[in-house]
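Chemist: Below are the structure tokens for one structure; questions will follow.
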Amino acid sequence: MSKSIRIAIVGSGVAGMTALHYLNSKLKSNKNVEFFLIDPNPNFVFTPRLTELITGVTKEKYMIKPKSIFKDHERIHVIKASAKEINLNSKQITVDRIISKLNLKKGQIIDYDYLLLAQGASTNFWGIKGAKKFCFPYKEYPDAQKLKLEIFSHLNSESDEDLNITIAGAGPTGVELAFSITDAIKAANKQRKKEGKSLKENIKVHIVDSGEFMLKKLPSYFQKKSTSLANKKKIFFHSKERVKEVHRAHVDLVSGKKVSSQICIWTAGVTPNVILTVPNVVEDSGHIRVQRSMQVYPLKFPEVFAAGDCTLLEDISKKKSSKKKKNGGKMESVRVRKTYYPPTAQVASRQAEFASENMFVMIKNKKLGLNVPIKLKEFNYKSKGWFVELGTKMALAQAGPIFFKEPVAWHARDKYYKYFFWKLMNGY
């Protein structure tokens, strides 16, 4: 019997699941392939829809699936553990718990032939004093559950105390949360009115961001529309502001202003989840620099790939040539800052596809015993567009040069995300 090919995937987010299904489909005729999906979380969570848990407008079955769906797959091994260390020289992964059901060395070491690093990212508090202690992160399913419980415990109580909810960061997650919370308050008041209870009119939602408009990294259409609609819904947008310090009952801004805040939610950035590697291939920022083939840089370990939020790769679709600036009668070159691919599900999915396709080419080439140089596909991707939900059955969307608004945009988003989620769960 020929030796099995062991493919390890660290992380079961969008990138990890995309790679798993892509490679499983491509290699389905090869009976000697084994997959090891390593992640401590019991569920797969489709994070682009996580903000919708607040309103309940979308059922959880369209955004969360237990990994037990793989229990009948003989060659897919789900390892519910965290990768502690990866030795790239010996091709071994050490996990943080004993795995007894598989034939592993000492029950903790997983050998691999090919590896995809897709461990994702977590909330970045940027060292802001009090942020980690007093703010709710909103990156994982338990985060969403905890925040929803906190908000609804107030909505369902008979207390008439003021409640100020502050969201740090006006990117897509922060903006979608602000609108979802506002609509949840409206729905709760509608129900209270039916029951003859006093309305909750003492709740305010604030967003703090350094930009003049919300969604500052998206096209101006999104920025102006979302900011205008937020004003109509009485969401208080503190533009051109930054959080200086977070306290239990208020937030200090850099300008000196204090914002009353009993609940603070932090959506102002992410940082890569770092795994110790030997030798070290992790940048000081925590990112893993990759080549355009999605192989880890430098190319000492060609069988090791990375994709998604943990990677660092220049977006050459936005690359600009060096500018010329006149200085004292002379023309001097001005260095243009590099732009890197953002940590979005759209990018993670496409990077994982490229990495998987290149990995498949390498596996196929080795099986055929070919000694010719392999031409791998180079990642070059331009965004297909954007979806941003702005509350119940409301959204903005862009597809190429065309922009859509509610309700067409919401239904387009709903259908596309349901398809995307189905594809991640069922494969290619």
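Derivation of every value follows stated rules applied to the coordinates shown; laboratory data play no part. These numbers were taken from a predicted model, which means no experiment stands behind them. Cβ: placed from backbone, ideal geometry, glycine included. Neighbour counts: every protein chain shown.
Chemist: Tally Lys/Arg at +1 and Asp/Glu at -1 over every other residue whose Cβ is under 14 Å from the Cβ of Thr173; what's the total?
Modeler: Here the charged neighbours net out to -3.
Chemist: Using the eigenvalues of the Cα gyration tensor, what equivalent ellipsoid semi-axes result for region 381-428 when each is taken as the square root of five times the eigenvalue, whole Å, largest first?
Modeler: Largest first, region 381-428 gives 20, 15, 7 Å.
Chemist: Additional query: Longer than 31 Å from Cα to Cα, which of Lys133/Lys338; Lys300/Lys415; Lys80/Lys338; Lys146/Lys415; Lys139/Lys384 are they? Say none if no pair is.
Modeler: Those over the limit are Lys133/Lys338; Lys300/Lys415; Lys80/Lys338.
Chemist: What's the whole-number percent of alpha carbon pairs in the chain lying beyond 27 angstrom?
Modeler: On the way: 52355 of 91378 pairs.
Of all Cα-Cα pairs in the chain, 57 percent lie more than 27 Å apart.
Chemist: Another question, if that's okay. Compute the signed sum of charges (Lys and Arg +1, Asp and Glu -1) over the other residues within less than 10 Å, Cβ to Cβ, of Val388.
Modeler: 0
Chemist: Now for a separate question. Roughly what % antiparallel, to the nearest 5, for the DSSP beta bridges in the chain?
Modeler: If I count the DSSP bridges inside the chain, around 50 percent turn out antiparallel.
Chemist: Considering only region 129-270, what is the antiparallel percent among its DSSP beta bridges, to the nearest 5? The partial results should precede the final answer.
Modeler: Values: 6 of 23 bridges.
The answer is about 25 percent antiparallel.
Chemist: Can you give the local net charge around Gly130? Use residues other than it whose beta-carbon is closer than 10 angstrom to its beta-carbon, Lys and Arg +1, Asp and Glu -1. Let's see the in-between values first.
Modeler: On the way: positive: Lys129, Lys132, Lys133, Lys244, Arg248; negative: Glu245, Asp252.
Charge balance near Gly130 sits at +3.
Chemist: Mind jotting down the three principal axis lengths of region 129-270 based on Cα atoms? Whole angstrom, largest first.
Modeler: Largest to smallest, the principal-axis extents are 43, 34, 31 Å.
Chemist: Also, I was wondering about something else. Which angle from 0 to 90°, rounded to the nearest 10, does the C-alpha axis of helix 172-194 make with the longest principal axis of the chain?
Modeler: Around 50 degrees separate the two axes.
Chemist: Share of antiparallel DSSP beta bridges in region 15-173, in percent to the nearest 5?
Modeler: 75
Chemist: Going by average Cβ neighbours within 10 Å, how do the peptides 277-285, 307-315, 48-56, 246-254 rank, with the highest at the top?
Modeler: Sorting 277-285, 307-315, 48-56, 246-254 by mean packing, highest first, produces 307-315, 48-56, 246-254, 277-285.
Chemist: Using a cut-off of 15 Å between alpha-carbon atoms, which aspartates and glutamates can reach Lys59, once sequence neighbours fewer than 8 places away in the same chain are excluded?
Modeler: Correct list for Lys59: Asp414.
Chemist: Follow-up question, since we're still on this one. Using the per-residue mean of other Cβ atoms lying within 10 Å as a proxy for protection, in what order, highest first, do the peptides 194-202, 344-352, 15-23, 399-407 fall?
Modeler: With the highest mean Cβ count within 10 Å placed first, the list reads 15-23, 344-352, 399-407, 194-202.
Chemist: Turning to a different aspect of this structure: Can you give the helix-only mean residue ellipticity at 222 nm for the chain, where every DSSP H stretch with n ≥ 4 adds -39500 (n - 2.57) and the sum goes over all residues, rounded to the nearest 500 deg cm²/dmol?
Modeler: -8500 deg cm²/dmol
Chemist: Calculate how steeply helix 141-155 sits against the longest principal axis of the alpha-carbon atoms of the chain, using the helix alpha-carbon long axis, and give the answer as 0 to 90 degrees to the nearest 10.
Modeler: For helix 141-155, the angle is close to 10 degrees.
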